[in-house]
Amino acid sequence: MKKKLIIFDRDGTLNKDPKGYTHDKSQCELFDDVYSFFSSIDTIFNICVATNQSGIGRGFYSENDMHEFNKEINKLIRLKTLHRGIDHFFFCPHIPSQNCICRKPKNGLILKALNFFKCYPNEAILIGDKIADCQAGLSSGVLSILLNRDSENIDLVNYKDKKLIYCNSLDIKFLKNYLF
Ligand SMILES: [Mg+2]
Ligand SMILES: [Zn+2]
């Protein structure tokens, strides 16, 4: 059976990102609902991350630092759940002025992920904490879920879209409605 794809944003979606540019693996802390999500998600899903990492382009940390941080995320998931963790991390290292095609809200990373997993857009969903994540998903034809854990001031009316769904935690019972 062909696997469906879940595309996660990373910072603020899986791991806490209090000051932005999170990169020190010793400070890698996942949200509690990430563990419950991975505990209950079926292994038939491919799971990947699509993340803007302009901290690399800005020289705040190295690409290797980011890879180490990514490995730490999987280490934590595997430590606390029976899930194998995230299958692949797609990242954009560029700064905005480089005007690349991969920095979200552009959809280069999403298209890359779909291609990598040989998925059609309707076989994938995206989950992210920023409108930019969802814009990247929606412009790729991927159903997109805006995860807003602390109900910050997002103008829901302006971004109303039939394919954009709002939730305030990674609640598997809620998300199951959208997992195909
Ligand atoms: Mg984020
Ligand atoms: Zn880029």
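Quick rundown of the values:
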| read-out | value |
| --- | --- |
| Where no second cysteine Cβ lies under 4.7 Å, the cysteines concerned in the chain | Cys28, Cys48, Cys100, Cys119, Cys134, Cys167 |
| Distant-in-sequence amide H partners of Ile165 (H built 1.01 Å from N, under 5 Å) | Ser144, Ile145, Leu146 |
| Simple label model, 7 Å out from Cα along Cβ direction - Asp32 to Arg149, nm | 1.1 |
| The chain: mean projected area of Cα convex hull, nm² | 10.0 |
| Estimated 222 nm signal from helices in the chain, with DSSP H stretches of n ≥ 4 weighted -39500 (n - 2.57), rounded to 500 | -8000 deg cm²/dmol |
| Sorted peptide list for 164-173, 48-57, criterion being average Cβ within 10 angstrom, highest first | 48-57, 164-173 |
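Each reported figure results from applying straightforward, stated rules to the coordinates on display, with no laboratory input. Note that this is a predicted model, so its numbers are computed, not measured. Glycine gets a Cβ as well: all are built from the backbone with ideal geometry, and neighbour counts include every protein chain shown.
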